[in-house]
Amino acid sequence: MAIFACFVRLAFLGASLAALFTRRGGKDRGSFAPDHCKVRASPSRTEPSPLRGTRLLRMMCPMADDRRQFCSDNEAGIHPRVMEAIAEANRGHVPSYGGDPLTAAVHDRFREIFGPETVTQLVFNGTAANVVAAAGAVDAWQAVVSARTSHIHIDECGAIERFAGCRVLVVESEDGKLDPACLEQVPEGHAEPHQSKPRLLSITQATELGTVYTLGELRALADAVHERGWLLHMDGARLANAAASLGVGLRAVTADAGVDLLSFGGTKCGLMVGEAVVYFDPSLADRLAYVHKQGLQLASKMRFLSAQFLALLEDDLWLRIASHANAMARRLHDAVHDLPGLRISRPTQASAVFARVPLDRLETLRRLARFAVWDEESGEVRWMASWDTTEEDVDDFALTLRSVLG
Ligand SMILES: Cc1ncc(COP(=O)(O)O)c(C=O)c1O
């Protein structure tokens with residue numbers, strides 16, 4: 001049976017490849033114009049053929065088409081300016097492991113934006129940013145505190161517990177946000193040394209539920225955290241969206257609001273890969289370089305991470321990207337909020353719309369579009385806009401929702 005299935009797959013692959021080189025014309029996405037089908041003679045055969053590569057990918061992987069979904073900003077591609085920056089960095093040999101001029105420039109840029117004491121390390125993904133940020137500041141006998149809805153608690157497979165080696169204690173929150181009163185939920189100072197000692201409060205901005213802390217809320221929380229002798233960490237995987245939503249700069253919403261450590265998101269803001277761990281207190285920075293290396297995050301070809309961040313931070317590209325995604329989420333919200341049976345379930349404050357849809361329509365919707373179902377039981381869904389979401393995408397999707405729910 002398995003051998004038969006294998007033959008069928010090989011036959012399909014063969015037919016697909018044959019079709020790739022012989023198909024003529026056609027209007028649908030999978031068909032190709034004659035010019036592109038010719039197998040050219042040498043020497044041009046040795047030239048890279050991006051078109052042919054793309055088509056091959058599309059034939060083998062039906063999801064790789066031009067449609068944009070509302071599932072996640074992680075699904076979006078790379079912003080063209082970031083792509084250019086990677087290509088521009090792809091020249092010659094430069095010192096490795098961050099000894100290159102682009103990495104020096106990116107450190108300068110972070111200091112310019114966040115203040116002269118800022119210490120930064122670039123990492124590969126958001127989980128790594130949170131782990132490295134925490135591991136550089138917390139000992140194994142201490143604890144990280146976060147909302148029950150936090151990415152570090154739900155979606156990072158215990159990475160902090162494993163790699164920072166400490167506990168993560170969770171507290172209940174409203175719409176993903178914590179306030180000083182929430183901290184009363186954390187048992188502290190009793191039964192020492194039998195219990196882990198809280199050391200770091202980790203909050204997310206914008207939150208996992210699409211909400212945004214105001215500057216006043218951040219300041220109140222930072223004061224409460226510091227009174228306890230803890231540190232405030234911000235998971236800023238979507239920090240750009242939060243800053244754009246508040247209409248403030250990156251420093252105002254972090255260092256100036258009392259944040260001590262930051263995971264600054266790049267991937268959800270148009271980068272191919274890359275996030276930054278940013279420490280605002282240099283006395284915490286001693287361990288960071290070692291944790292960064294030991295935590296598998298010291299890229300030998302660091303220049304390519306650095307080039308992307310330089311592009312993102314140049315001429316406020318981050319702000320344009322984030323403002324656009326937020327505006328697309330707002331457009332979607334406005335287009336669908338009054339559909340029968342649909343209820344907006346969280347305030348739309350950044351790039352995500354959360355809603356409850358009738359359970360008996362969920363399956364039909366899922367067949368028509370890809371999006372995140374947040375809670376199967378209540379029918380809560382998340383629709384997320386990205387840097388490349390267009391007004392047309394939003395209007396088409398709203399029309400789809402109207403046709404199913406209206
Ligand atoms: C709030 C938040 N933090 C961190 C991350 C980073 O995760 P990853 O390690 O998948 O890049 C994500 C990804 O979706 C996120 O939503």
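The values are calculated or read from the model by the stated rules, or taken from the named source; none is laboratory data. No experiment lies behind these values; they were computed from the predicted model shown. Because the Cβ atoms are built from the backbone with ideal geometry, glycine has one as well, and the counts that use them run over all protein chains shown.
For Phe264, state whether it is within 16 Å of the ligand (Cβ to nearest atom), crowded, with 17+ Cβ neighbours inside 10 Å, of a type in the set (A, V, I, L, M, F, W, C) and assigned by TED's automatic domain parsing to the domain that holds Pro180. Write out each step before concluding.
Working: within 16 Å of the ligand (Cβ to nearest atom): yes; crowded, with 17+ Cβ neighbours inside 10 Å: yes; of a type in the set (A, V, I, L, M, F, W, C): yes; assigned by TED's automatic domain parsing to the domain that holds Pro180: yes.
Judged against the criteria, Phe264 is a match.
Which of the following residues is touching a residue at least 60 places away in the same chain (Cβ under 8 Å) and either within 16 Å of the ligand (Cβ to nearest atom) or not basic (Lys, Arg) (or both): Ala140, Ala105? It would help to see each step written out before you state the result.
Values: Ala140 fails: touching a residue at least 60 places away in the same chain (Cβ under 8 Å).
Criteria check complete, one pass: Ala105.
Show the residue pairs that are 6+ apart or on different chains and have beta-carbon atoms under 9 Å apart, the first residue being within region 336-360 and at positive phi, the second being among the basic types (Lys, Arg).
From residues that are at positive phi, the pairs are Gly341/Arg356; Gly341/Arg361.
Can you give me the ranges of the strands (runs of 3 or more DSSP E) entirely in region 195-279 with at least 3 residues that are over 20 Å from Gln185 (Cα atoms)?
Details: elements: 197-204, 231-236, 261-265, 275-279.
It comes to 261-265, 275-279.
Going through region 79-113 one residue at a time, which ones are in contact with a Leu (Cβ under 7 Å, 6 or more places away or on another chain) and in a helix (DSSP H, G or I)?
Arg81, Val82, Ala85, Ala89, Leu102, Ala105, Val106, Arg109, Ile113
When you go through Arg330, Arg346, Arg320 one by one, which is the residue that is out of contact with any helix residue (DSSP H, G or I) (no Cβ under 8 Å at 6 or more places or on another chain), within 16 Å of the ligand (Cβ to nearest atom) and outside any strand (DSSP E or B)?
Values: Arg330 fails: within 16 Å of the ligand (Cβ to nearest atom); Arg320 fails: within 16 Å of the ligand (Cβ to nearest atom).
Only one candidate qualifies: Arg346.
Being within 17 Å of Leu232 (Cβ to Cβ) and within 15 Å of the ligand (Cβ to nearest atom) is true for just one of Val123, Val170. Which residue is that?
Being within 17 Å of Leu232 (Cβ to Cβ) and within 15 Å of the ligand (Cβ to nearest atom) holds for just one of Val123, Val170, which is Val170.
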